[in-house]
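Enquirer: There's a structure below that I have some questions on.
The values are calculated or read from the model by the stated rules, or taken from the named source; none is laboratory data. The structure displayed is predicted, hence computed values, not measured ones. No Cβ is skipped: glycine too gets one built from the backbone with ideal geometry, and neighbour counts run over all protein chains shown. Ligands, DNA and RNA are stripped out before the accessible areas are found, and what is left, the full protein with its side chains, is counted by its heavy atoms. Shrake-Rupley method; radii C 1.70, N 1.55, O 1.52, S 1.80 Å.
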Amino acid sequence: MKDAFGTPQSLLVLGGTSQIALATARRLIARRTRTVWLAGRPTLALETAASELRALGADVHTVAFDALDPDSHETALGKVFSEGDVDMVLLAFGILGDQAHDEREPASAVRVAQTNYTGAVSAGLVAARALQTQGHGSLVVLSSVAGERARRSNFIYGSSKAGLDAFAQGLGDALHGTGVHVMVVRPGFVRSKMTAGLEETPLATTPEAVATAIELGLRRRSQTVWVPGALRVVMSALRHVPRGVFRRLPV
Ligand SMILES: NC(=O)c1ccc[n+]([C@@H]2O[C@H](COP(=O)([O-])OP(=O)(O)OC[C@H]3O[C@@H](n4cnc5c(N)ncnc54)[C@H](OP(=O)(O)O)[C@@H]3O)[C@@H](O)[C@H]2O)c1
């Protein structure tokens, strides 16, 4: 159960090595979170992440999870929920892809779409049903500003995030009144391994800043969180810029 500040006692991360997710887990452990499940592809990095969180005093488990294998999602998430209530599910997996390469290799573009969108549709629905069955909990979905408006420079990733964002909003509406809360998080450029080596865009931020915003959003039971918050205003203006002008912007 969450405490009065909305901090979960138990957390399930889908995409257990995500730097944003791990910053969030560290922050929540420093508050009250005691049990953490890291779901991800079985790698040394996943086990290392679990050890690091254990060192902070949490009870940490790992479970095999592959976004690209939706047939396995019921079993993977079912194992976690069968061990006890989960107060928060953080859907954090995703790949950026390589836009130029993916335009030439449609199979690679499909992999981006399947990871970020259809993988999330499957895992999101499985998680939502489990949360609804227990009668409480939050599903926090890492979307992106990239989904707000397709950009020439990364429209394959952006379109997958647009799909994910619309899905998560609809799921939030479907679960309204059930005791399950869905929160869509839209970070801008975050300095993590996903963006390593890329040129930063304005208002670049850190995994820790995203974690802080998530914690605040949980407390407020927000439906949408922008990180940094100024992006909400920037994007609401950019959304209305005519196509011909938008195309020439260095974004
Ligand atoms: N960084 C940014 O600028 C930014 C901005 C906005 C939104 N986001 C979103 O925030 C989320 C977390 O990103 P991050 O910055 O923390 O990046 P990250 O550190 O690269 O984390 C990405 C995570 O996705 C996992 N993943 C990739 N494919 C998977 C699959 N098929 N099955 C299971 N897990 C898979 C990775 O696991 P492995 O270790 O197995 O590869 C890793 O745990 C992503 O959804 C991303 O799109 C990031």
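Enquirer: Take every DSSP beta bridge whose two residues both sit in the chain, then give the antiparallel share in percent to the nearest 5.
Expert: 0
Enquirer: Using the Kirkwood radius over C-alpha pairs as Rh, can you work out the diffusion coefficient of the chain via Stokes-Einstein at 25 °C, viscosity 0.890 mPa s, in µm² per second?
Expert: Translational D for this selection: 134 µm²/s.
Enquirer: Same structure again: Among 125, 93, 225, whose Cα lies farthest out toward the positive end of the dipole of the chain, if unit charges sit on the beta carbon of Lys, Arg (+1) and Asp, Glu (-1)?
Expert: 225
Enquirer: Taking the Cβ of residue 183 as the center, what net charge do the other residues with Cβ under 14 Å away carry, scoring Lys and Arg +1 and Asp and Glu -1?
Expert: Taking every other residue near residue 183 into account, the sum is +1.
Enquirer: Considering only protein heavy atoms and a 1.4 Å probe, what is the carbon-and-sulfur percentage of the accessible area of the chain?
Expert: 55
Enquirer: Skipping prolines and chain starts, which residues have an amide H placed within reach, meaning under 5 Å, of the one on residue 89, given they are 5 or more residues away or on another chain?
Expert: Distant-sequence amide H within range of residue 89: 12, 138, 139, 140.
Enquirer: Skip the ligands, DNA and RNA, and give the accessible area per residue of the chain with a 1.4 Å probe, whole Å².
Expert: Here the per-residue accessible area is 47 Å².
Enquirer: Please enumerate, by chain and number, the lysines with C-alpha under 22 Å from the C-alpha of residue 193, excluding those fewer than 8 residues away in the same chain.
Expert: 161
Enquirer: Mind putting a number on the dipole of the chain about its Cα centre? Charges go on the C-beta only, +1 for Lys and Arg and -1 for Asp and Glu, and I need it in Debye to the nearest 20.
Expert: Using Cβ point charges on Lys, Arg, Asp and Glu, the chain gives about 900 debye.
Enquirer: Round to the nearest 0.05 the FRET efficiency obtained for residue 82 and residue 30 when R0 = 35 Å and r is the Cβ-Cβ distance.
Expert: Rounded to the nearest 0.05, the efficiency is 0.80.
Enquirer: Describe numerically, in nm with one decimal, the distance between label points set 7 Å from Cα along Cα→Cβ at residue 71 and at residue 246.
Expert: Placing both labels 7 Å along Cα→Cβ, they lie 3.9 nm apart.
Enquirer: Throw me the Rg/Rh for the stretch 197-251, computed over C-alpha atoms with Kirkwood Rh, two decimals.
Expert: In the stretch 197-251, Rg relative to Rh is 1.07.
Enquirer: Could you check the spin-label model distance between residue 108 and residue 1? Points 7 Å from the Cα along Cα→Cβ, value in nm.
Expert: Those two pseudo-labels are separated by 5.1 nm.
Enquirer: Let me check against my output: what whole-number percent is the relative contact order of the chain, with C-alpha pairs under 8 Å and at least 6 apart?
Expert: 19
Enquirer: Report ³J(HN,Hα) in whole Hz for each residue of the stretch 107-118, in order, from the Karplus equation J = 6.51 cos²θ - 1.76 cosθ + 1.60 where θ = phi - 60°; Gly and Pro get x.
Expert: Ordered by residue, 3J(HN,Hα) equals 5, 6, 5, 5, 5, 4, 5, 6, 5, 6, 9, 5 Hz.
Enquirer: Step through the residues of the stretch 13-24 one at a time and calculate ³J(HN,Hα) from phi using the Karplus curve (6.51 cos²θ - 1.76 cosθ + 1.60, θ = phi - 60°), rounding each to whole Hz and writing x for Gly and Pro.
Expert: 9, 9, x, x, 9, 4, 5, 5, 5, 5, 5, 5
Enquirer: Amide H of residue 224 versus every other amide H placed in the peptide plane: which residues, excluding those fewer than 5 positions away on the same chain, fall under 5 Å?
Expert: Result for residue 224 returns 184.
Enquirer: For labels at residue 54 and residue 196 in the simple 7 Å Cα→Cβ model, what's the distance in nm?
Expert: 2.4
Enquirer: In whole Hz, what ³J(HN,Hα) sequence does the stretch 59-68 give by Karplus (6.51, -1.76, 1.60; θ = phi - 60°), x for Gly and Pro?
Expert: Rounded to whole hertz, the list is 8, 10, 10, 10, 9, 6, 8, 10, 4, 7.
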